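Chemist: Before anything else, here's the structure in question.
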Amino acid sequence: MDNDNNIDLSLLVPCYNEQDNLDYLFHKLTEVLDSLNIVYEIICINDGSKDNTLLKLIEYCMHNSDIKIINLSRNFGKEAAMTAGLDYAKGKAVIPIDADLQDPPELIKQFWFKWLEGYDVVYGVRIDRKGESWIKKMTSKYFYRFIGKISDTPIPEDTGDYRLMDQKVVQALKQMPERNRFMKGLFSWVGYKQTAIYFSREPRQSGKSRFNYWKLWNFAIDGITSFSSIPLKIWSYFGLIVSFLGLIYGSFLIIRTLISGVEVPGYASTIVTILFLGGIQLITLGILGEYTGRIYQEVKQRPIYLVQETYGFE
Ligand code: UDP
Ligand code: MG
């Protein structure tokens, strides 16, 4: 019998230094999954952890054939780790879930039942984020508003990676070759029959979040640049407006000089104009740089992740 083809559900758990969360994680996951009476696999992607995460995972894997491990060759980041998981997942449905249990495992049941109803994507929407600072809540709220406005693809607000996807959605995701994996955007770009489930996000079980503000900022820029080209385009309109105003002001100066002769004052307006336009030009150059840098990343066609070894797969 081909074991691969009767897996109903694949769980993807990216793990980066999560040794203290694993016991509770597997306890909760198996509890929920066993109550569903389905065939499942839990694929843990060790994303170059520096603690004993891998050893602990191997131990679990040896005693439980439902637990499988992909050990990446180094730390590639969560988005790459999830991509690796998607490539290995055999289930009819797939759910990525954080190892720190910030996404309540109980939701898996609701996801599953929605899938049985015929939905291809069931995504969790956070209505509350416990244990996160108001700055993080605020910034992420406005980020999702902003990107929702400028993105070519609508990206649902307050939605993380925690969701169920049908295998056909996974296949669609795999067709996207981009190196820069802004998963939330990719997830909604593919379309299909989607529905939402609302939940409140728990504080981290143990350890601390790897996403500091600098990383979040870069993450935000990744999201914006891969799903919108508006930042590239606004400058031509801005330039048009500025040139138009410049033309009016220039005509005014010429006429005034013709009427009342040459005047010396004007230092303030000159320096303000130079500084302002200089600043705008630098910003524009920077934005061009952001996009060009990403084009450079993409054309190199490097693999998104590298696997050192796997455990528990056939
Ligand atoms: N993670 C990962 N690689 C990384 C950073 C994080 O695989 O480089 C995993 C981490 O183990 C966890 C999930 O991604 O399972 C979410 O990470 P974290 O809790 O730090 O992020 P937050 O909840 O603050 O968004
Ligand atoms: Mg977390």
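Please treat every number below as a calculation from the coordinates, not as lab data. Small disclaimer: the values here were computed from a predicted structure and weren't measured. Cβ atoms come from the backbone with ideal geometry, glycine included; neighbour counts cover every protein chain shown.
Chemist: List the pair-distance distribution P(r) of segment 238-314, using every Cα-Cα distance, as the percent of pairs falling in each 5 Å bin from 0 up to the bin containing the longest distance, rounded to whole percents.
Modeler: Final binned percentages: 3, 10, 11, 14, 10, 8, 7, 6, 6, 5, 4, 4, 3, 3, 2, 1, 1, 1.
Chemist: Is there a quick way to get the dipole size of segment 47-112? I mean about its Cα centre, with the Cβ of Lys and Arg at +1 and of Asp and Glu at -1; what is the value in debye to the nearest 20?
Modeler: 220
Chemist: Choose one answer from Ile127, Ile295, Ile283: the residue with the largest mean-square fluctuation in a GNM of the chain with alpha-carbon springs under 10 Å.
Modeler: In the Gaussian network model the winner is Ile283.
Chemist: To the nearest 20 debye, what charge dipole does segment 82-174 have about its Cα centre, counting +1 at the Cβ of each Lys and Arg and -1 at the Cβ of each Asp and Glu?
Modeler: For segment 82-174, the charge dipole is close to 140 debye.
Chemist: Further question on the same structure: Taking the chain as a Gaussian network, where each spring joins two C-alpha atoms under 10 Å apart, which residue of Asn71, Asn37, Asn46 fluctuates the most?
Modeler: Greatest mean-square fluctuation among the candidates belongs to Asn37.
Chemist: Sequence neighbours fewer than 8 away in the same chain don't count; with that in mind, list the lysines whose C-alpha is under 28 Å from Lys215.
Modeler: Lys50, Lys56, Lys78, Lys130, Lys136, Lys137, Lys141, Lys149, Lys174, Lys184, Lys233, Lys300
Chemist: So, one more: Under a 10 Å cutoff between Cα atoms, tell me which one of Asp222, Asp103, Asp34 has the largest fluctuation in the Gaussian network model of the chain.
Modeler: In this elastic network of the chain, the residue with the biggest mean-square fluctuation among Asp222, Asp103, Asp34 is Asp34.
Chemist: In the chain, which whole DSSP H runs stretch at least 18 Å along their own axis (Cα) and average 1.0 or higher on the Kyte-Doolittle scale?
Modeler: Span-like helices in the chain: 230-260.
Chemist: Rg (Å, one decimal) plus Dmax (Å, integer) for the alpha carbons of segment 79-167?
Modeler: 14.4, 39
Chemist: On the Cα set of segment 131-171, report Rg and Dmax in Å, please.
Modeler: 13.2, 38
Chemist: So what's the projected area for the chain, the Cα convex hull averaged over all directions, in nm²?
Modeler: 20.5
Chemist: Another one. Eigenvalues of the Cα gyration tensor times 5, then square-rooted: what semi-axes does that give for segment 1-114, in whole angstrom, largest first?
Modeler: Its equivalent ellipsoid spans semi-axes of 21, 15, 14 Å.
Chemist: Something else now. How do the peptides 111-118, 157-164 rank, highest first, by the average count of neighbouring beta carbon atoms within 10 Å per residue? Don't skip to the end; give the middle numbers.
Modeler: Details: 111-118: 15.8, 157-164: 20.4.
Order by mean packing, descending: 157-164, 111-118.
Chemist: Let me ask you something else. Of Asn75, Cys61, Asn21, which is farthest towards the positive pole of segment 1-137's charge dipole, taken about the Cα centre with +1 and -1 on the beta-carbons of Lys, Arg and Asp, Glu respectively?
Modeler: Asn75
Chemist: What is the distance, in nm, between label points placed 7 Å from the Cα along the Cα-to-Cβ direction at Asp23 and at Tyr267?
Modeler: In this crude spin-label approximation the distance works out to 7.3 nm.
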